[in-house]
Structures are given as C-alpha cells and as structure tokens.
Ligand code: SF4
C-alpha cells in the first residue's frame, strides 16, 4: 500500500487544502455528491484516496453520502463527506443518527448563500444555527470554521481529532471564499501531525458474557468504540438505547442517554473551544467574526487603531460549542461588541446571550454574496466616521 | 457478494450434545434471547424471514463475526435487533447506503440488508436503484407485506390496486411496483422471490445470494394479519398461507416483467435472475486501484 501523504509548501485552493487535511488526519473513506461550491473537495478525494489505499464513492445524493460515511466509520475507517447549501439540509437526519450512535465522522459544509438554491457560487455564513440545531432532538455538536486556506488544512485535522476523541460528527463550516481562494499552505511531515484515534475496547468478552457498547467506565462519558467484524456482536440503533445498545423506549433511558450525549461535549467545552485574539488586551470595542470575514475584521481593527480607537478582534475558530466563557470575560471589560457575519443575525444572538446586557452588541450584517469590506464593519462603531 | 474479496474459511460448528439440544434450540446462539419477546403480532411473516436468514448463515458456516445485518425502520426493520450478530438499525430508508459505506470500507464484512417494502422502495427507493446499478456487493432482503405495518396500515408502493389501507380507504388507485422487474432493470446480479411458506427454498436462495458477487435481491411476500390482512379481509396467517399455496407458481428464469402482483391472479415465484456478466462494484474498484497504484499493490 502506498502512503503518499504530502508534505512541504503548496499553492492550493481551500477545497484542496481541506482534502489534504483530511488525508493527513487519516481519513480513508469519502462518500459524497457534487454540489457547488464544495465539488473540488470531492474531486480531489476521488483522485487522492485510491493512491493511498482509501475508498472514494460518489453516492446518489447527500442523504446516501451521510449514511455511507456512518457505515464506513463503523467499519473502522475515518470518514468524511463535503457538501453545500441544499446538500447540508439533506444530511441533517443522518447527522442525528451519527450523534445518537456516537459515530465519529467529519462533514464539511462549504457555505453558500441561501435559503434554498440561493447563491450557489457565492459566499454565505447562513448555516451556523443549522449546524447547531439542524437535526431534530436535543443534542450538542462540534463545528469549526477556517478563515484561510492554511486553516482549511489545519481545522479539518482538528475536526477529525475531535470526532474521534468525542465520538461525534463534527461539522467544518467553510465558506465559498475560502473554498475557492488560492493561498500558500504548509503541510508538515506526517510525523509532526497530531492524530487522535478513537478509543477501542480491549476485546470481545468471553462467550456467554454480555458486551455493553455504550458503557463508559473511565469517567470520560465517551465509551470505547468497537468496529463491525471484531466479534463484539453489538446492536447499534438510532432508537433511544441503554448501555447494551438495546432500544428502551422510556423517559429514564432517554434522560440518561441524552444527558450524556450533551454533557460529553458541554463539559469538555474548554478543550473544544478555540478562539484567536487580535489586539484584545486593551480593547474597548471587540469585533467578533469567524471564517473568511475574520480577515476583513482584522483589517478593520488595523484601520481603527490608526484612528486611535481601541478596537480588537475575537475570531471564533470553534463555533459550537459556543465560546461562552470568553465572551463573558470580555463583557466584563469592554463597552461594545460588533458581530460581523454574512447572514441576517445568527451568532449575534449567542453573543447577546453571553454578554447579558453588560455591554452593547451590534450586528454588522451582509446577506450573502460578498464579504464585508473592513469599512462596513467599522461603520457599526459609532465613534468611527468612515 | 463476497467472492470478489477475501477468502472464506468455512467453520463447521461442533455438534450439539443431547443435553444441549434438550435445553436449547439449535438456533438460540443466533438470537438475542434477552430481547425476547419480540414486537411482532401473531402470524406476522417477519419472524419467518428472520428464521430463514439465520438458517442460511448457519448452513453457510462462515465465521459469524463477519456477518453484519443492517436494517431501516418498520416492523421488518426490527429484525436487526433480534439477531446475535453485529447489527445496525439505521434511519428510515437509509439501510442500503449505510451498508454500502460499510461494505466498501471493509470488504471482509458480509453485509445483508433486511427491511420492509415501504422502507426500501418508497423512502429508500433511490438508494435501491443505485446500489443495484453499481452492482455493489450486498444482499438485500425485502419483506413485502404490501403495507406500512408499524404505523398501522397505510398505503405502500407495493399495495396492489384497489386494496384498502388506512390512507386508501376507498381502494388504492396507484400502480404498485413490480420489485423483481425493478431490481433486474437496475442491474442486480441475482433476483428471486419467495413467500413465507417457501422457507426451505428461501433459505437456499439466501445462501446462494450471499455468495453471489455483486448485488442480490430477494423479495419475500409476507403476511401482515394486523394491517393488510384485516383491512382486506385476508383472514389470519393460516388463510394467507393457504392463499400463497394456492396461488403460487414457481417459474425459475421467467421474465420479471410478467411477475407483477395482481389481486386474485397467480403469484410467480422463483429465481428470476442469476447473472455473471456484470463485474461487481468491488471488482471494478479493484481494477481501477490496480491502474492507479500498480499491479503489486495489496489492498
Ligand atoms: S403490523 Fe403487520 S408487519 Fe407489523 S408486526 Fe404486526 S403483522 Fe407484522
């Protein structure tokens, strides 16, 4: 088997970098369906995976793609799909199956403008609440947003590591700008890349003894995961189930299961939440941004600083779970938050919730189709005369 | 479905002692005893199909850990939960793509999808077409009871014309699918139909289909006395068995085009398709990999 993983400096688009990030993280199964602006990611996987002993399959739709990556994950492969717009809507049901069966996998959503067919070729950030709540029922999810081509590579590796560590689907909220933008990417040698693999049990119990696929004994709330064919003879269902994996349709089992599914993410938020500060130390005004918009926001900070205004940037890399602690801390000392996002106000509501009236919160909104100009972000600051 | 990939080692189980035979049923080890009683109504055909499946894997004598059962949602979908193998109860209609991902990710596994007619052919219809088109190495067993059982007897894509369901109270005015014809046209390598009274033939058919490279499909006509039977005055399971016996004719190799199910007409059973001229998904994929990484690449 060839193990042709790349390392060195490359000039590539975000979709290609995300594909290489997946391969570097150990992804060896991709099931997908073409959709703009994510298609190049699938194309690259179709070329790369057969070279390194992986499997690429183009499924008949996004529903099937999502189902296939869950099946592949239980077969022991790190698996991924990539989609956009209507495609991510179609994946929602089986993302829920991934959550309840605790199946590690990565879903890249290259966001375009919506609703519906919307703006297939133009940028949007309108799926952030969908990433959080899109599948029915109560659950927690991990979602990460890269803001550059390098970050497409880096963040996809993080996504796989979180998926494996926390046994959950992880959504990578890319956007059309990063997906099609070409930039320099540095791919480290394979031995320098951190790769986390799912915990596995020690081996099937002796004949006649029961195996409990959803029993966790090490206090982490994350049970070790066997793969199909290893002799555990487990039953895995999308129904509410007990530790044995058996369906139990009652409130007590539901309470125990859903609480653990949510808490394994909630209680590890400190580990999962990644943010980046830019000139925040003395800031009185904080711009909150994520994805490609964080780059306009950085320029906005520089312009404001030249005008003598104490403006800083909080860039969210992890979108879900939300950077609650960080925002609450900042709210104690700053007077204004400006949330710049390419939607009509989604993350701004989360910021408002965390700020809880301790500072002013303003939205700098674009409705999809183009990035914010730095000046547009600044115009939300009353002191700025642009 | 497996001969394209890894070698099969047959394992002959030790003979049960008389003591063991007295204390247990020979198929006990294939079932999850702690999940009994099952949810099925008296006279339901789902259990018969489950029995045929476990008899088939017993007869095949392939290491049991390699078998995986995947099902969707519905009365038949519950079969996965009662079988003592690695089993996956997925979302409604999505058993086939889940199974496809699993099989191609690890061709060592022997993956069988067992689900109902509504699950496989209404909500999941598109996946069936494409799995058969790809000739992906799976066996799909459809328990066809002409109705949605779990939700209480609604119209299915297999309900015969004029039949009563809770959502066609004045008689069905939609044409049903002819499933073997659909499977053949989509490219399946093996297509058969049996009823729940043809259990020995069904078992043999499952054994054969399991060993077939590519996509295999077996339809099993099955009684649902609670839903379909009651609404259409078909009597109890025994009456349906008698009906199957009277109306069935076995015509191996006959054209599935003629095998549509029509109220009051003969029911054509048998092995319709058993072809070897279409390489399976895994076979074509292996050829592509050889071109990419050279002849000596080992999988
Ligand atoms: S409703 Fe019909 S299909 Fe469902 S268990 Fe009862 S008899 Fe079987």
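Quick notes on this structure:
- Scanning segment A:41-70 for residues that are surrounded by fewer than 21 Cβ atoms within 10 Å (Cβ to Cβ) and touching a residue at least 40 places away in the same chain (Cβ under 8 Å) gives A:51, A:52, A:53.
- Qualifying residue in segment A:145-168 (condition: surrounded by fewer than 14 Cβ atoms within 10 Å (Cβ to Cβ) and at pLDDT 95 or above): no
- Filtered residue count, segment B:256-281, keeping only those that are touching a helix residue (DSSP H, G or I) at 6+ places or on another chain (Cβ under 7 Å) and within 14 Å of chain A (Cβ to nearest Cβ): 1
- Residue B:253 falls short of the stated requirement of being away from chain A (no Cβ under 14 Å), surrounded by fewer than 21 Cβ atoms within 10 Å (Cβ to Cβ), within 14 Å of the ligand (Cβ to nearest atom) and not in a helix (DSSP H, G or I).
Listed here are the residues, each with its yes/no results for (1) under 21 Å from the mean Cα position of the chain (by Cα); (2) within 14 Å of chain B (Cβ to nearest Cβ); (3) in a loop (DSSP other than H, G, I, E, B).
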position	(1), (2), (3)
A:196	yes, no, yes
A:202	no, no, yes
A:211	no, yes, yes
A:219	no, no, yes
A:222	yes, no, yes
A:243	no, yes, yes
A:253	no, no, no
A:261	yes, no, no
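- Residue within segment B:289-298 that is in contact (Cβ under 8 Å) with a residue 12 or more places away in the chain, more than 16 Å from the ligand (Cβ to nearest atom) and either within 14 Å of chain A (Cβ to nearest Cβ) or touching a strand residue (DSSP E or B) at 6+ places or on another chain (Cβ under 9 Å) (or both) present: no
- Residue in segment B:102-116 that is more than 15 Å from the ligand (Cβ to nearest atom) and surrounded by fewer than 24 Cβ atoms within 10 Å (Cβ to Cβ) present: yes
- When the residues of segment A:366-385 are filtered to those that are out of contact with any helix residue (DSSP H, G or I) (no Cβ under 6 Å at 6 or more places or on another chain) and surrounded by 19 or more Cβ atoms within 10 Å (Cβ to Cβ), the one that is farthest from residue A:299 (Cα to Cα) is A:368.
- Consider segment B:30-45 and keep the residues that are outside any helix (DSSP H, G or I) and touching a strand residue (DSSP E or B) at 6+ places or on another chain (Cβ under 8 Å). The one that is farthest from residue B:7 (Cα to Cα) is B:45.
- Unique residue being within 15 Å of the ligand (Cβ to nearest atom) and out of contact with any helix residue (DSSP H, G or I) (no Cβ under 7 Å at 6 or more places or on another chain) when the list is B:165, B:151, B:158: B:151
- Subset of segment B:207-244 [within 13 Å of the ligand (Cβ to nearest atom), touching a helix residue (DSSP H, G or I) at 6+ places or on another chain (Cβ under 6 Å) and outside any loop (DSSP other than H, G, I, E, B)]: B:220, B:225, B:237
- Matching residues, segment B:54-72, being crowded, with 22+ Cβ neighbours inside 10 Å and out of contact with any helix residue (DSSP H, G or I) (no Cβ under 6 Å at 6 or more places or on another chain): B:57, B:68
- Residues located in segment B:183-206, provided they are more than 16 Å from the ligand (Cβ to nearest atom), under 24 Å from residue B:46 (Cβ atoms) and in contact with a strand residue (DSSP E or B) (Cβ under 9 Å, 6 or more places away or on another chain): B:183, B:188, B:190, B:191, B:192, B:193, B:194, B:198, B:201, B:202, B:205, B:206
- Enumeration of residues in segment B:30-45 that are within 14 Å of another protein chain (Cβ to nearest Cβ) and either within 16 Å of the ligand (Cβ to nearest atom) or surrounded by fewer than 17 Cβ atoms within 10 Å (Cβ to Cβ) (or both): B:33, B:34, B:35, B:36, B:37, B:38, B:39
The values are calculated or read from the model by the stated rules, or taken from the named source; none is laboratory data. Since we're looking at a predicted model, the values are computed, not measured. Cβ sites come from the backbone with ideal geometry, for glycine too, and all protein chains shown count toward neighbours.
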